[in-house]
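Working notes, beginning with the structure itself.
The values are calculated or read from the model by the stated rules, or taken from the named source; none is laboratory data. Everything numeric here is computed off the predicted structure, so don't read it as measured data. Heads up, the Cβs are rebuilt from the backbone with ideal geometry, glycines too, and the neighbour counts pull from every protein chain shown.
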Amino acid sequence: MLKKIAYLWGILGVLALLMSAIIRLSPRIFEMLSYTLTPLHWLVLIGFALYMAYAEGYRGFHLNFSPRVIARARYFCQAQSQPPLLHSILAPALCMGFIHADKRRKIIAITLTSMIILLVILVSMMPQPWRGIVDAGVVLGLLLGVISILYFWVLSWQEDWQSPVSADFPSPASETFTEAE
């Protein structure tokens, strides 16, 4: 039972994190729309939204992050023994590759998160309507990410589903769990 709870907590926790960001950024988009936008604003808005849909939504989420989240969540249901309690408690972090991952995945997860935090700080200093334009692109990318996670989650219900990307778990010796992880 704990395996199924951790599986659901991992996926729903990641989705909640993304939805939280979408909800927090959305007021900035509506605020931007209260400004009179010039043709340049509209051009940048459309161009940046299309770019973020492709770069963040498709390349970042759909081709990499989303299938990896589902593959890592399936670890809870497919493990021979009961995964460590800490893995279950931190299931969203495990699904995102912060824990119980190979060194490369951990470095990528920490680096991307650090870059996102820095960009959030920098964008928060931008004046409207530019801040709203950037936030609109980010929200579009995040929405596509949520849809992509849901898509791979439904696909994963097929018993023979294989993730198109590696789950990036530690070396094969990790099949014997240690509480230290």
Touching a residue at least 60 places away in the same chain (Cβ under 8 Å) and of a type in the set (Gly, Ala, Ser): does that describe Ser81? yes
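Out of Leu18, Leu50, Leu12, Leu43, report the one residue that is touching a Gly at 6+ places or on another chain (Cβ under 8 Å), part of a helix (DSSP H, G or I) and on the phi < 0 side of the Ramachandran plot. Walk me through how you get there before you give the answer.
Values: Leu50 fails: touching a Gly at 6+ places or on another chain (Cβ under 8 Å); Leu12 fails: touching a Gly at 6+ places or on another chain (Cβ under 8 Å); Leu43 fails: touching a Gly at 6+ places or on another chain (Cβ under 8 Å).
None of the others qualify; the one that does is Leu18.
Based on this model, can you work out whether Asp168 counts as of a type in the set (Asp, Glu), modelled with pLDDT under 95 and out of contact with any strand residue (DSSP E or B) (no Cβ under 8 Å at 6 or more places or on another chain)? Spell out how you get there, then give the answer.
On the way: of a type in the set (Asp, Glu): yes; modelled with pLDDT under 95: yes; out of contact with any strand residue (DSSP E or B) (no Cβ under 8 Å at 6 or more places or on another chain): yes.
In short, yes.
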Is at least one residue of region 70-81 within 16 Å of Leu143 (Cα to Cα) and modelled with pLDDT of 95 or more? no
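May I ask you to say which residue of Ile149, Ile117, Ile108 is under 24 Å from Ile22 (Cα atoms) and modelled with pLDDT of 95 or more?
On the way: Ile117 fails: modelled with pLDDT of 95 or more; Ile108 fails: modelled with pLDDT of 95 or more.
Being under 24 Å from Ile22 (Cα atoms) and modelled with pLDDT of 95 or more holds for just one of Ile149, Ile117, Ile108, which is Ile149.
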Set Ile5, Ile29: member being surrounded by fewer than 14 Cβ atoms within 10 Å (Cβ to Cβ) and either in a helix (DSSP H, G or I) or out of contact with any strand residue (DSSP E or B) (no Cβ under 7 Å at 6 or more places or on another chain) (or both): Ile5
Looking only at region 141-155, decide whether some residue is more than 27 Å from Ser26 (Cα to Cα) and over 17 Å from the mean Cα position of the chain (by Cα). yes
Which of (1) crowded, with 20+ Cβ neighbours inside 10 Å; (2) over 30 Å from Asp168 (Cβ atoms) does Ile70 not meet, given it meets every other one? (2)
